[in-house]
1. First obtain the Kirkwood hydrodynamic radius of the range 16-113 from its Cα pairs, then insert it into the Stokes-Einstein equation at 25 °C and 0.890 mPa s, and state the resulting D in µm² per second as a whole number.
2. Quick one, what does Rg over Rh come out to for the range 1-72 if you take C-alpha atoms and the Kirkwood Rh?
3. Given C-alpha coordinates of the range 707-756, what is the ratio Rg to Rh with the Kirkwood estimate of Rh?
4. Over all pairs of distinct alpha carbons, what does the Kirkwood formula give as the hydrodynamic radius of the range 187-237, in Å?
5. Tell me, what is the FRET efficiency for I311 and E167 to the nearest 0.05, using R0 = 30 angstrom and their Cβ-Cβ distance as r?
6. Whose amide H sits under 5 Å from the amide H of S667, counting only residues 5 or more places off or on another chain, with H placed in the peptide plane?
7. With no solvent and one point per C-alpha, what does the Debye sum give as log10 I(q)/I(0) for the range 482-602 at q = 0.13, 0.14, 0.19, 0.21 Å⁻¹?
8. Got a sec to turn the phi values of the range 546-563 into Karplus ³J(HN,Hα) couplings, 6.51 cos²θ - 1.76 cosθ + 1.60 with θ = phi - 60°, whole Hz, x for Gly and Pro?
Amino acid sequence: MPLKPGANPYKILDLEKGCTEKEIQKAYRAQCLKWHPDKNLDNKEEAERKFIEAKEAFDFLYDKEKRAEYDKGEEKIRVAQENYSKRMAEADGVRRKLIEELEKRESEFNGGKRHADAPMTAAQQAKKKKTEQRNFKEEIEAIRRQLEKEVNEEVRQKNTLMKAEREKHQKNRERTTPQLLVKWKVAQGGQDYSEEDIRKIFSNFGPISNISSAISKKERRKRIVEFEAGTNAWGAELETGDSWMPELTCEWIQPPVGTVKKSEPSSAKPSTGSNLEHMSKMAQSPCTSSSSFSNEPGFDYIVNLNVGGRIFATSCNTLSWIPDSFFTSLLSGRMNSVRDASGAIFIDRDPDVFRVILNYLRTKQVDLGGLKVATLKHEALFFGLTPLIRRLTLCEELSSTSCGSVYFCGMIPPPDMPLENLPNEKSRSPMYSESNESKKPSGGSPRHRVHSKKQSSDMSKYIKNELTELAKSKSLPDRDTEPLKVRMIRAHICSIVVAYSYFVCVYRVTEWNTYILLWKSPRTRTYVTHIAVNTKIAATVAERLVAVAFADDTIGLWHIDDEGKTEKKGLFSMNVSIDNLFFVGTQMVALSKSGKVGIWHSATQNWQAQDIQPISCYDTAGSSLILGCANGSMNHIDMQKFPLRMKDNDLLVTELFRDPNGDTITSLSVFLTPKTSACGNWIEIAYGTSNGVVNLILQHPETAGHQPVLFQSYNIHNSPVVRVSLNTAYLISVCSEYNHVRSWNVTRFRGMINTQPGTVPLASFKVLTLDSTDETTDKQYNHPGPYGDQDSEQVLVQRVIPNAQKLFVRLASTGERICTVDSVEDSPITAFCVHELDGQKLGSRLRKHLFCGNGNGSVQVWDLTSALDQFHLKNGSNPGHQVNPPAAANQADLIKTQLTQSPRSLISLSNYSGGPTPQELLDVIDDNDICCSTPALSRCPSTAFQ
């Protein structure tokens with residue numbers, strides 16, 4: 001989009017010279033948010049003007065060549081002003097010297113004739129004053145003549161250079177010989193064109209130097225008409241011939257360039273079928289170059305444009321009827337233009353899209369011609385066509401609404417920023433020391449947001465690493481520049497906790513699905529790294545414990561009731577970095593990868609921290625805490641008996657199982673089968689290792705004193721397994737290579753895994769995400785999943801890039817797409833959480849909800865239960881149906897039974913994917929204007945606690 005003449009792009013975007021590209025992008029986004037027409041309904045015209053000015057300034061400054069040329073021009077103006085001031089100073093010096101010399105001569109003359117102390121008469125004083133005024137005027141006039149002489153010399157030199165350039169360009173144009181290819185088909189009655197007929201028809205467009213012999217192929221004829229050099233024969237390509245003769249089709253082999261005066265037309269009578277006489281006269285009349293654009297009424301000339309290699313011919317009035325556009329700047333000379341060999345103005349844009357743009361300028365009507373509205377709007381923004389932009393914006397609003405899709409069911413508005421800080425606990429808490437107070441967050445210097453994707457070994461030779469260059473930028477972390485950005489969301493029963501950079505909000509969900517703010521923490525000294533919540537409902541009153549971990553390795557714990565009354569339970573320290581925070585029942589648990597466990601018991605108000613083996617993953621089941629360790633061991637802590645089961649003031653940690661190969665356990669999933677009258681809970685544990693192996697181990701309730709038994713092993717991943725999920729129907733594993741997902745059907749008999757055949761392969765697909773390398777905590781809370789309870793249908797939530805406005809919700813078992821979630825406020829989705837809200841009304845159904853935190857501080861709520869119902873209704877599937885034939889003797893019988901009872905049960909055995917299509921992926925990346933960089937050429941390591 002062209003910059004208006006006289007406009008200062010730095011002033012429009014509130015920038016200084018020498019600013020970086022990131023500063024330009026940030027300033028442009030700020031201006032767009034400030035002057036967006038939808039946010040300034042009271043002053044929409046000014047907002048639209050400011051919005052377009054910001055776009056013009058951004059396009060201008062983002063173009064390095066234009067920006068350098070503008071800065072160079074500003075420097076020339078400054079040097080010229082300095083030279084002018086210097087000349088004026090020198091002229092003032094000459095004038096002062098002349099005055100001093102005249103005064104000296106006058107004093108000498110007066111001293112020779114009278115005494116120095118003798119007073120002057122009135123006549124002498126008047127004469128002296130008159131002389132001084134005359135001398136001063138003569139000096140000023142001399143200086144003016146000198147300056148005028150210098151300016152005239154500069155103008156003469158510039159005119160000489162411009163004249164030489166015009167003469168050179170005119171000679172090049174006059175040497176061009178236009179050549180026109182004329183084609184026609186002989187009529188059935190034998191009517192044909194002779195050379196004389198062709199000459200009579202096309203002589204109206206200019207003098208013809210030669211006509212080639214006819215080239216015949218059956219009934220088809222071709223001739224080449226060559227005009228004299230420099231003839232402006234535009235319009236000849238539109239000639240159709242005589243009405244009673246075959247129709248002519250013409251196209252330029254060498255288009256005409258230049259505007260020499262046409263000779264007198266021949267005396268031959270023009271052809272009857274030619275209706276372009278007026279156009280040919282206008283085309284062959286002398287015309288002005290594009291640099292001498294005029295706005296006089298009736299003034300017009302033909303303009304030749306080379307757009308992406310295709311020649312377009314139009315008029316000046318057609319291009320310039322919209323003021324302050326790209327074309328008015330181009331034709332008025334305010335914008336530099338490049339010409340091709342034929343002299344046409346070159347514009348490096350898509351010719352197919354430009355054809356629609358040009359037709360709109362000609363007819364003022366929009367014909368999309370199969371183009372996307374977004375593509376045409378992008379070109380209209382580039383050319384600065386405001387009326388067309390408004391029409392296309394209205395077309396886009398037909399399919400968009402601020403009320404969301406059918407699955408949108410509510411919103412939590414952004415809170416006000418807290419002004420006060422948390423009180424300094426250093427004087428009251430022994431857990432704060434000077435080392436803790438001055439300790440900086442891990443990572444040293446501030447980290448910066450870039451985007452990376454998990455590496456595939458097969459593609460490593462095609463990918464280059466860009467993280468080194470991007471890490472050199474020195475912008476502040478977005479937690480400092482975006483304090484209202486939602487970082488983490490956690491939910492339990494009817495409580496929702498939303499974490500921002502430096503404060504936390506706690507909400508209560510009412511039985512009418514409304515959200516009440518119970519508590520907002522004061523602003524913290526350091527940013528929030530982890531949150532956890534536990535809700536306990538007694539009768540009609542709910543009480544909740546909220547835990548918050550901070551960057552200084554401390555944990556704050558609060559008790560909040562339904563009335564919003566808050567009681568601080570304490571401030572605890574691990575003295576190591578906290579990698580995860582959660583509740584097991586009413587007991588708060590904090591874990592560190594270095595091998596430290598911290599537990600707070602609600603009954604005894606006791607805090608206990610203990611060192612064990614380095615921890616790589618965890619899972620909970622009932623009152624049990626299962627820890628996967630880096631040495632391949634799996635440890636068990638019974639939280640129900642804590643702190644009674646303690647030995648020498650230490651937690652009683654029992655080794656439950658050890659991996660046969662000694663590999664690091666990177667992910668865990670514990671499943672407890674329902675208790676029956678015949679037996680207790682079976683313990684089923686699925687875990688993944690750093691070598692990509694997924695193992696399934698079982699423990700019978702009667703063998704509780706013995707270690708679990710290895711049931712099945714799957715060596716199917718080439719990268720560490722970062723997440724695994726075992727539920728009633730499926731076994732799902734996710735590895736670190738592009739979030740590659742493998743799933744199996746789990747067959748059960750009376751709630752326990754059937755040993756014949758046990759599991760059947762179901763699906764293999766990828767959930768591509770571009771992660772942020774500077775927010776490792778956010779990745780733990782916003783990974784793709786699986787999400788959902790073990791006895792319900794689990795889902796995957798795919799966010800392609802960290803600041804995307806779109807989420808893809810997919811079935812965890814097959815990867816099929818359930819629905820797409822689009823942010824209703826055009827604000828990026830920065831955090832999300834899947835939670836099943838307990839039905840507080842009698843007989844109400846548990847409903848699965850997706851909570852999406854946005855960059856503006858709000859939280860949008862989406863109904864995934866309705867989306868799943870619509871998905872199963874559309875596909876004719878039964879979500880509760882599972883094939884568990886007790887008599888299936890082998891895998892072939894099971895597959896045959898599945899095909900008989902559910903034709904869709906094996907659809908995901910093919911390479912089916914419900915994620916974004918390639919076009920959707922490119923649209924998401926283009927809309928967010930990101931740089932897709934790649935990590936180092938090794939596979940992504942396992943991320944603990946995902």
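Taken together, the values in this text are just the output of simple stated rules run on the coordinates, not laboratory data. Since the model is a prediction, treat every value here as computed from it, not as a measurement. Note that we place each Cβ from the backbone using ideal geometry, even for glycine, and neighbour counts take in every protein chain shown.
1. 134 µm²/s
2. The Rg/Rh ratio comes out at 0.99.
3. With Rh from the inverse mean 1/r over Cα pairs, Rg/Rh is 1.01.
4. 12.1 Å
5. 0.75
6. G688
7. Cα-only, vacuum Debye calculation for the range 482-602: -0.48, -0.56, -1.01, -1.22.
8. Along the range 546-563, the couplings run 10, 10, 9, 9, 10, 5, 8, 6, 10, 10, x, 10, 10, 10, 10, 9, 5, 8 Hz.
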